[in-house]
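Novice: Before we start, here is the structure in question, set down as structure tokens.
The values are calculated or read from the model by the stated rules, or taken from the named source; none is laboratory data. On a predicted model such as this, the values are computed, not experimentally measured, just so you know. Ideal geometry is used to build each Cβ from the backbone, glycine not excepted, and the neighbour counts take in all protein chains shown.
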Amino acid sequence: MRAINLLLRFVLELCALAALAYAGWQLPGAVWLRLLAAIALPLVAALVWAQWVAPKARRPVADPLRLVPEWVVFGGATVALAVTGHVILAGLLAVLAAANRLALHLLGAPTDDHAPV
């Protein structure tokens, strides 16, 4: 069960990055600005994730403070989907991300290298 939840977590992370890229591309303006936003938004999210949330983060943050960067990324992706007109997908991403985080917490699945296995 833990492996399935960790796999779902990874898929949700990729969905969040894709949602941010899509939202960047949907912004009004010149193509080069839209392209820049489509690259920059998921890049910033990936950097936040790598810095504080990823298993081998440079500066891992312990629970419950760890929820802050997680929800900045997932919340940003949810808002990005909603404002681009994909409200159902936004809700689905939010619910799945929250349920997955709760399942990982309840199952005692390690969310970083410092957690017991």
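Novice: Can you tell me which residues in region 51-92 are outside any helix (DSSP H, G or I), under 13 Å from Tyr22 (Cβ atoms) and β-branched (Val, Ile, Thr)?
Specialist: Scanning region 51-92 gives a single hit, Thr84.
Novice: Let me spell it out: the conditions are (1) surrounded by 14 or more Cβ atoms within 10 Å (Cβ to Cβ); (2) at pLDDT below 95; (3) farther than 18 Å from Leu14 by Cβ, and Val117 meets all of them except one. Which number is the exception?
Specialist: Answer for Val117: the failing condition is (1).
Novice: Do we have any residue at all in region 5-16 that's of a type in the set (S, T, N, Q) and touching a Leu at 6+ places or on another chain (Cβ under 9 Å)?
Specialist: yes
Novice: Next question. Going by the structure shown, is Thr111 in contact with a Gly (Cβ under 9 Å, 6 or more places away or on another chain) and either at pLDDT below 90 or over 17 Å from Asn5 (Cβ atoms) (or both)?
Specialist: Here the answer is no, as Thr111 does not meet what is asked.
Novice: Please enumerate the residues belonging to region 79-96 that are among the polar types (S, T, N, Q) and either free of Cβ contacts under 8 Å to residues at least 60 places away in the same chain or at positive phi (or both).
Specialist: None; the set is empty.
Okay, residues lined up against (1) without any contact (Cβ under 8 Å) to a residue 60 or more places away in the chain; (2) within 22 Å of Leu96 (Cα to Cα); (3) surrounded by fewer than 18 Cβ atoms within 10 Å (Cβ to Cβ):
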| site | (1), (2), (3) |
| --- | --- |
| Leu8 | no, yes, yes |
| Ala23 | no, yes, no |
| Pro28 | yes, no, yes |
| Leu33 | yes, no, yes |
| Ile39 | yes, no, yes |
| Pro55 | yes, yes, yes |
| Arg58 | yes, no, yes |
| Ala62 | yes, yes, yes |
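Novice: Among the candidates Leu6, Leu35, Leu12, Leu17, single out the residue that is over 9 Å from the mean Cα position of the chain (by Cα), part of a helix (DSSP H, G or I) and modelled with pLDDT of 95 or more.
Specialist: None of the others qualify; the one that does is Leu35.
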